[in-house]
Structure formats: C-alpha cells, structure tokens
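Below you'll find the structure, written out as structure tokens, and then a few comments.
None of the figures in this text is laboratory data; all of them are computed from the coordinates on show. On a predicted model such as this, the values are computed, not experimentally measured, just so you know. Here the Cβ positions follow ideal geometry from the backbone for every residue, glycine too, while neighbour counts run over all protein chains shown.
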Amino acid sequence: MSSAPDLNLDHVAHLARLTLTAEERAQFAQQLGDVLHHIEQLSKVDVTGIEPTAHAFPIVNVWAEDIPRPGLPVEAALRNAPAQRDHMVAVPKVVD
Amino acid sequence: MSELVFQTITELSGRLATGEISSAELTRTFIARTKSLDQRVHAFNSFDAGDALAQAVASDERRAAGQSRGPLDGIPVGLKDVIAVTGQPLTASSRMLANFVSPYDATVTARLKQAGAVLWGRLNCDEFAMGSSTENSAFGPAANPWDLARVPGGSSGGSAAAVAAGEAVATLGSDTGGSIRQPAALCGVVGLKPTYGLVSRYGLVAFASSLDQIGPMTRTVEDAAIMLGAIAGHDENDSTSYRSQIPDYRAELKRRPGPWRIGLPREYFGEGLDPEIGAAVEQAVAFYRAQGCEVKPVSLPHTPYCLDTYYIIATAEASSNLARFDGVRYGHRSKDAKDAVDLYFKSRSEGFGPEVKRRIILGTYVLSSGYYDAFYLRAQKVRTLIRRDFLKAYEEVDALLTPTSPVPAFKLGEKSDPLALYLCDIYTIGVNLAGLPAISVPCGFTRAGLPIGLQLIGQPFQEADLLALAHVYERAHDWCRRRPAFAAVASSG
Amino acid sequence: MPYEAVIGLEVHVQIKTRSKIFTRVAAGYGQPENTLTDPVVLALPGSLPVMNKAALDAIIKAGLLLGCEIAPVCKWDRKNYFYPDSPKNYQISQYDQPICLGGHVEIELPGPARNVMGEHKRIPLTRIHLEEDVGKLNHFATDSLVDYNRAGTPLMEIVSEPALHTAEEAFAYLTSLRATMIYGGISDCDMEKGQLRCDANISIRPVGAATLGTKVELKNLNSISYVRDGIAHEIKRQLGVLERGGTIVQETRDYDGLTGTSQSLRSKEMAHDYRYFPDPDLMPVQVDEGWKQRLRAECPELPFDKQRRFLEQYQLPYTLTSVLVWDRALADYFEAAVASADTSQAQAVGNWIVNDLLRELGSAKLQLAETKVKPAQLAALVKLVESGTLRTNTAKEVFVEMFASGEAPDAIATRRGLNSAPTDAGELEQWCRDAIAGNPKALAEFNAGKDSAINAFKGPVMKAAKGKADPKLVDATLRRLLATM
C-alpha cells in the first residue's frame, strides 16, 4: 500500500544500529507504511486532559535498602562474552 | 498408563503420591515421546534429558524421605525459551542468542524449582516473543498438533503445542499482547495471563516491559491454578511486582461458585470474527446463562484503538529493551566488524530476524525526535482511556467474556503480511494494555477439527475469581479430554 | 570590542553507596576487573533494575544542602544511545522530571590579599538529577577492553545555569561544590578516581549582549586546576578566533591538561536523538515532607556558614577560618578543642591546629582521624601555655611528643621537667633587682622611654632561673620594679 512519507527509514535504522539490505528496505518501507497508515487513526482520539499511563498499576517508591549482595564471579560474568582478554570484554577498536 | 502423557498435574501428582509411578519414569516417558515426536511438532528449541532426569531422581528421593513439596513435585514442566534457567540455553528463538547460556535463574524458575517441578526443555516461540504464529522463530516454526500444516499460534506456540502434543504436563509462556492466550486457543489448551505485576518478570527476556507477563499453559483450569500458585507473588527483584496476598487458587476454585455478572463487550463480536468461533462462544454464553449468571452487553468504546496503541507502546519499549543485544558482552558477534560501531550494525543486522527488525524500527521511529508526542505520548494517553473502559465495565459486571482469537489456527505461511498477523491479537491486546488477568479455555472445535478458545477477562488481582469462573465452564464440558489425532497415533505407535 | 565569557558547568558526582544504584552488587573503586557485576550490571537478558534507597537519600540531601526545590514526584527515563561502555545501550536517567530543581552554589572569589575575604556570589543551579554511571573502556592498538565495575554506580548530574564568567569563578564553584558534597557525606569527590567529573559549556559575547554566543563544550577537565586552566585556555582561544575575524563553531573539545591544549573531537555523523521515554521497569519516586525533614536533620552546616560563624563566635582571623572550615573533620576538631579550652583561647587553639597539627600530620602522612592527639589534649596544652606553665618553645617540643605517643601534655612536661619553675616570687624579684642593678645603661635607656630596653634584663633573669622562669611573669615583675625606680 502506501509508504509513510515521514518515515526516513535510513535515519531510523541508523538510530537503531541496523543495516538494511535493499530488499529489506523496500519491504519494510511498504509494511511499516501500512502499519503507520493504520496508526494514523489514533489522532482522532480526543486525549485532552488525559494523563498518560506508563505503568499498568501506579505504585511509587519501590526500592531496596543499600545492603550489598554477592554478584557474579568474573568467570560467570564473561562466560558468554564473544571475546575476552585480561578478565575484560574485548571489542574491536572504539573510534569516536 | 498409555495416556500418561495426557494426564493433568492433579492426576499425576496423585499417582506419584501413591507410588504408582515415579517422577523418573514419568520424565523418561516425556523424554522418549519428545524424542520421537518433536521433529514434527518442533515445540522444543532444546532439551537436556540428563538434567531433567537428575531433577526427577531428586524429586523421587525427596518423596521417599517424606519431604515432597506438593502437587508440582516431580512433574515435568516446560519453559518458553525466554525464561532464564541457570546453566541452560536462553535463546529467545533468536540467532542473536543461539549460544547464550544463562548464569542465573528467573524468579519463576527459582519458584518452580522450589515447588519441586522437573524443568523440562526450552520451548520454541516467535523470536523475542514477537509474533502470533511461532513462524518467527530463528530455529524454524512449531506446528499445531491438531493439524501439523497449521501454526500453533504465538508467540508461546511451543509452550501450547508441547502441552497439546503430550510433550509436557504443563508449561510457562509469556504474554505481551495475547502470546499465551492465542496459542492456547489455537492448540486447545488452557492459557492464563495474570494481572500485570502478579508474577515476577525477573529473568524473562523483555519484549515490552509494561505489558509482559509470564503465565501457565495447562490441560485444565485446575492445573493453571496450581501453576499460578507456585509462581505468583511479590519479588524484590522486580520493581513492578505487586505486593498482594496469594490465595490457594486451587482451593478457591470450589469456594467461589458464582453466579457472576458477565459482560459481553460488543466491540469484540463484530466484523472479522470467524462464524464458527462466534457460534462456539455463543454456546458458552448460553451455558453461563443456564448457570444463573447475568449476561449482558457492555461497551469498551476505545477497542478500535487498542491495536495501534499496542503497536506503538510495545515496539517503543522493545526498541530500547533490545538495544542490549549488540554482540559486546554476549550474543551474536559479527566476524567482520572493523570497529565497535560497525560491530553494532553488523551483529544486530545478522542476529535479528525480519519481524524483530521491523518492530525495532517502528519503535525507534515512534520515540524519535519530533514524533514522540504524536505517537508515544498519545498512545500512553489512549492507554489510559482503554484501561478506563474496562474499569467502567467492571462497575456493572464481574468479568468479561469474548472469543480469544478471531480465527482458528491458520496454515503455516498463510499470513505473510505483518498487519494481517497483528490483527490476530485484536481480542487479547486490550487486556495487556489495561494490565488485567485473562484466561483462554477450550470451548469447542471447528468442523475442520481445530480448537476454539473462550477468553474470560477478570478484575485486577482477582485471579481466584477468574479461575473459578473458567472452572465452572470446564467441568461441564469435555473439550480438554480430546486428543489431536496425530498425537494419539504417535502415542500408540 | 570588550567581550565577556559565559560558562555553565555540568558536574557529575558519584554517590558513595555500598551497592549500585539499580542492583545490590557492591559498588567500589580499584577492584579487580569485572568483579563487581551481576545480571543487572551486565544487562543480561531478563534482568531488571531496583532502586537503591540510599542513593535517593543522598541526592535529596545534596539538593537540600544546595537549596534546591525537591520535586514531590520524579520519575526515571531511558536515554537511548549505543556505546560499548553502556551495557544496556540506554542509560537510566531523569529527563523532564529531575529530583532537584533550582538551588545555588555559594562561591568566594579571591580577595585583594591572602588574609582578606573575597567577594561572595551565589551561582544558580538549573537542576540535579540521578543516573547510572557507565563502565570503563581501555583502549589498545587494535581493540578495546571493557571493565563493568563502574557501571551502575549512582551518579548525580549537577547542572549550573550559564552564570559563571571567569575561570576563577569556575574554580571557586567546583571547590565549594566539592566541599559541600564531602561535608554532606554524599561523595568523596576524588577526581583522580573519577568520583567528580566536570564538563564546561563556554561561549563569549560582547559585554552587555542579551543573547549567548555559540557554545563550545569542553570535556576531560579531570582535576580542579585543569578546569581553571582549560576554561581560561578556551576563552582565550575563542577571543583569538573572533579577533582574527573567524566565527566560533559549535563543537566538543577535549582539553589536555598536560600540554595545556585542546582539540576538537570528531563531530558525530548525526545529531544525538536520545529517544527519552519513561522507564517501564521502574516506578516513580514520591518525596513527602517527612522524608525531607529526616534528611534535613542530617544536613551539616556548610563551610561558608561555618566560616561566618567562626569569624563571629570565636573572633578568628580570616586566614585561620579559611583553613579550618574547608575540612569538616578539622573544623569539628577545632570546635571540640575550643570546647575543652575557653572561647578566648580559640585563636591559640586554631593556630596550634593549623600550624603544628597539620604540619605533623603532613610529615607523618596521616589523616586527621588517625592522630593520637585528642582535641581535649590539645586544649590542655594551650591552657598550659596560656597560664605560663609552659613556654611556647617548650610547648612545641611537648606537642611533637604528644603527636608521637598520644600522652597528655602535662604528663610529658612533668616527666621531662619542662614546666616553668614553680615561681618563688621573692627569688624572682631578687633576680630581677640584680639584673637591673647590673645594667645601668639599659636602665637609663628604659627611663628615657625606650621600652625595648627591658629585654636586656630578661637574659640574666632567665639565666639565673636556668630557663624555667615564666617569661610573662618575668616581664611583669621587671616592669613593676622599674616603675618604682
């Protein structure tokens, strides 16, 4: 159907750190266009003076006392790391 | 004994108690059956037979020592592959986590272990629980035991199919927009989505944090009550966990005989509802009326906006929740990244499947600069209105009755358009947006022999009432005793 | 055209808690790599945050100390951005509802002389919010290594209004802010350990202009003197650009304190879009009056308030107060010692602390808390001097011994026979008469009005007394006798 005029797919994919293939790009543009077109009807709802709901049930002040508990041993912490060295997670060079 | 794999928790725990069977025998039976059957059902991503047997032996030893821990002790229970178990894979059916092994237990896992359950297998689902058919699993779709050419629903399709096929006594699924109830309906089992906050989400791979809930998938309402009793209750590791008294749900089934005032939301019975499903639900309505319940139409006027509200909130939260999958600390890492930034793009693009990417992009978009107010903030406000609709209805009625899914199980590959698939959730997502409890119970079959689910929606934290309401219906019907032909053949052969 | 600089500071202060801000694994510095982690710190799938009450207490206390308005309700937001030191690739922070609003930091600018108090100013704050710290990246030739020990340490971001105008003011601001945080027990603010970090937004504009110039963000100001030097350097750089007819580019610059130069950080390909939204995993915080009252009761007197009081109550000279009040423990020590002595002896007590105690602590490389000299013992020493029992020079020796052993001053003096002679008035008077008689020249000079001539008699008296006479008493006796001659 329609592709959303406002959806800059490349920009949004970049924000999300995704590289899309040309095929994905074409497909997503059309599919997300349909979804966004459907979503447009939300603008019809009168939400004047309505508080947003961020949590299904509003409770406040959920915390714990500052009492340390044991964490993960370093071996367990790094067990799933794709690369490690000197007890640290290794990543390709970080360039700003 | 031939039908051992189709017995309920209640029945099996009785047999274990009398010593008629041992947990080890029971577990071996499920292992053997799964080995022979699951190539066709693909309800499991993986299972660790040795580990399950060791748990079963430990259960038998407890029982012998007079230290049995109750109805779940020794019962094989499967977990959707989004729930963490120490030392076991946790893949979320994603290539991203294909090799991930959890170093910790989810709270529900710890509680099931405490109850003595034999944790059995990692159940297939849509990737990161995003989908309604389990076709989005990176490891291949699961099949519906009632018709192997059809989907089991999703995203907890493996959890539903495993129960339906007799590969587990009970399972846990997770439900963000219907992911427990819809596959339960499509596979002819019971699926309960608890009130948001009743069951801890700690250790559940997050899809949409404000909507996700873990819940049981079982053969019967009574089994769901037993499972819920084991996993519900406040958890200090989940800030959204609610402090409430947990009743003995199983005992409460008999203490709450009704009658109830039941509302039929008129927006749930309109266009798009399969006529056979509509007829089956009408039969259920007639049943409740016959029980002396007052059944009346109610209105949830913002229902038409549920789908859009849901897809904005769920994808926004997901886009952020899934940012951690970057190939740095764990998960898929692209082999040819030239620097750290490149690592993100390549690892994520290789690791995520198309539906996950689509939702991450949609969620990123609705949160991005300039669109937040129009999409996300507006959706949160509409969410308030949707929730109010339900609470207003509850001024007049005790529970709501609807179909679970507008359609029965569809063919694998039949729905390729994302929007068409999203529409499968139209009767279930309002419940997640409002944070309410809801259950799907089998309520008949189509002429083609496909299961139909009835959804009952309860009031916040009143799961005991909801289960009792469903239990009354279930006891008067024998839907839960039916077996898929394939499974019956498989068990005799 | 005369220009003025406009500076706003963003200061990050780590809160000193035992466990991390959103999970209960221990927080700390200097531990072996990746030993302070758990599923939440590593952002493992399924992990969830739970607030640390102590971190909330600390930021509310910081807000009360700085005169902020404490929001009745605040919430948590996710700041979404990808970076390898950020485990979740979003940071839990506070966006549009921070916990502290407004407030100010009182600063003192350098006075006209070292012993004269400088001008005081109140630098207004925009806000203070709470967030989580990130991990630490170590860069190597071909890769980078990540240590997550620091990730999840509670971090306050204290944002000032663009109300500072010189590098000196920025320096004074940080000095005061740091002391306030240490006073409140909120943070140790050790910049070497990254417990206090500062970024500066700097622009210049023609004096009197209403709008701000293009701002440059200066990063890596990782010591208080780098803050001063870096800002001074940046102001000069911007002035130079304008003088050459150039324009200031909005950018982030990295200051290198060792070389005293800065360079532009490669600008990001795309502008940041943090996609803030309320964190669904955390519930809002509601702060009621009772909570604030409890914390207010724990708030200490701030350094500048203390200084004003010390000047007034103890009549201390400014220089002494400006040493005493910046260290809460030192000020407390001072007040405890004065309490054991007498208010009139406050200055003497202060001098002993600032000159002798600090010197001994410094050479022994000890903290104040480690000294064996109790405030009451120091007070006792001051009293011995003031009463003439110990001569000042002798008292210094006694103090050194007190510092080493923790023994009481009178015990040391007695044991070593250092007390001034128990004065036999008659004997002293005779020594004085002998001394006057032995130096008629000095007597004549004294009578002619040369007061200092009296000192010529003191030597012989002291010699006769074998050095144990109380100098004050000698002086008094000589004057009494001279008056009658």
Worksheet item: About the Cα centre of the stretch C:425-483, what is the dipole size in debye to 20, counting +1 per Lys and Arg Cβ and -1 per Asp and Glu Cβ, all else neutral?
Response: 100
Response to the item:
The alpha-carbon center of the stretch C:41-75 and that of the stretch B:433-466 are separated, in whole Å, by 40
Worksheet entry | Simple spin-label estimate for C:THR343 and B:SER244 in nanometres, 7 Å along Cα-Cβ | 6.4
Practice prompt. Just round it to a whole percent: the fraction of Cα-Cα distances in chain B exceeding 41 Å.
Written response: 13
Worksheet item: Among all cysteines in chain C, which have no other cysteine Cβ under 4.7 Å from their own Cβ?
Response: C:CYS74, C:CYS189, C:CYS198, C:CYS299, C:CYS432
Worksheet, complete the sentence: Expressed in Å to one decimal, the Kirkwood Rh of the stretch C:189-284 from all distinct alpha-carbon pairs is 15.5
Discussion item. Rounded to the nearest 20 debye, what is the charge dipole size of the stretch C:343-462 about its Cα centre when +1 sits on each Lys and Arg Cβ and -1 on each Asp and Glu Cβ?
Written reply: 260
Response to the item:
Log entry: pair-distance distribution for the stretch B:268-396, C-alpha pairs binned every 10 Å from zero, whole % per bin is 11, 25, 24, 19, 14, 6, 1, 0
Response to the item:
Note, the stretch B:103-113: 3J(HN,Hα) by Karplus (6.51, -1.76, 1.60, θ = phi - 60°), whole Hz, Gly/Pro = x, goes x, 8, 9, 5, 4, 5, 5, 4, 6, 5, 4
Worksheet, complete the sentence: Among C:PRO471, B:GLY351, B:THR34, the residue whose Cα sits farthest towards the positive end of the charge dipole of the protein assembly as shown, when +1 is placed on the Cβ of each Lys and Arg and -1 on the Cβ of each Asp and Glu, is C:PRO471
Discussion item. I'd like the FRET efficiency for C:ALA210 and C:ARG114, computed as 1/(1 + (r/R0)^6) with the beta carbon distance as r and R0 of 41 Å, rounded to 0.05.
Written reply: 0.65
Worksheet, complete the sentence: Here the equivalent ellipsoid of the protein assembly as shown, derived from its Cα gyration tensor, has semi-axes (largest first, whole Å) of 74, 33, 26
Worksheet item: So what's the convex hull volume per residue for the Cα atoms of the stretch C:3-291, in Å³?
Response: 167
Discussion item. Take C:ALA483 and B:SER299, extend 7 Å from each Cα along the Cα→Cβ direction, and tell me the distance between the two endpoints in nm.
Written reply: 10.8
Item to complete: Whole Å is fine, so just give me how far the alpha carbon centre of the stretch C:421-459 lies from that of the stretch C:342-375.
Response: 36
Practice prompt. Quickly work out the C:LYS396-to-C:THR414 label distance, labels modelled 7 Å from Cα along the C-beta direction, and quote it in nm with one decimal.
Written response: 2.7
Worksheet item: Taking neighbour Cβ counts within 10 Å as the exposure measure, how do C:ARG122, C:ARG253, B:ARG348 sort from fewest upward?
Response: C:ARG122, C:ARG253, B:ARG348
Worksheet item: Compactness ratio of the stretch C:425-483: Cα Rg over 2.2 N^0.38 Å, N = residue count?
Response: 1.00
Item to complete: Grab the beta carbon distance between B:GLN114 and A:GLU23, set R0 = 41 Å, and tell me the FRET efficiency rounded to 0.05.
Response: 0.25
Worksheet item: Taking only C-alpha pairs under 8 Å that are 6+ residues apart, what is the relative contact order of the stretch B:275-353 in percent?
Response: 17
Worksheet, complete the sentence: Quick note on B:ARG333, B:ARG256, ordering by fewest other C-beta atoms within 10 Å, gives B:ARG256, B:ARG333
Worksheet, complete the sentence: Shape descriptor, the stretch C:1-70: equivalent ellipsoid semi-axes (Cα gyration tensor, sqrt 5λ, whole Å, largest first) stand at 33, 18, 13
Discussion item. Taking the Cα centre as origin and putting +1 on Lys and Arg beta-carbons and -1 on Asp and Glu beta-carbons, what dipole magnitude results for the protein assembly as shown, to the nearest 20 debye?
Written reply: 1180
Practice prompt. Could you bin all the Cα-Cα distances of the stretch A:1-45 into 10 Å bins starting at 0 and give me the percent of pairs in each, rounded to whole numbers?
Written response: 27, 50, 20, 3
Worksheet entry | Residues whose placed amide H lies under 5 Å from that of C:SER19, excluding near-sequence neighbours | C:ALA27
Response to the item:
Filtering trypsin sites (Lys or Arg not before Pro) in the stretch B:203-251 by DSSP loop and by at most 15 other Cβ atoms within 10 Å leaves B:ARG243
Fill in: Dimensionless Rg over Rh [the stretch C:301-416; C-alpha; Kirkwood]
0.96
Item to complete: First measure r as the distance between the Cβ atoms of B:ALA420 and C:ASN220, then evaluate 1/(1 + (r/R0)^6) with R0 = 51 Å and state the FRET efficiency to the nearest 0.05.
Response: 0.45
Discussion item. Let me confirm one metric for peptide B:99-105, namely the mean number of other chain beta-carbon atoms within 10 Å of its residues' beta-carbons.
Written reply: 5
Worksheet, complete the sentence: Counting only DSSP loop positions in the stretch C:263-327, the trypsin sites (Lys or Arg not before Pro) whose Cβ has at most 14 other Cβ atoms within 10 Å are C:ARG266, C:LYS268
Worksheet item: Of B:GLN114, C:VAL373, B:ASN144, which is farthest on the positive side of the dipole of the protein assembly as shown, counting Cα position, with +1 on Lys and Arg Cβ, -1 on Asp and Glu Cβ, and the Cα centre as origin?
Response: C:VAL373
Practice prompt. Would you mind computing the Rg to Rh ratio of chain C from its alpha-carbon coordinates, Kirkwood style for Rh?
Written response: 1.12
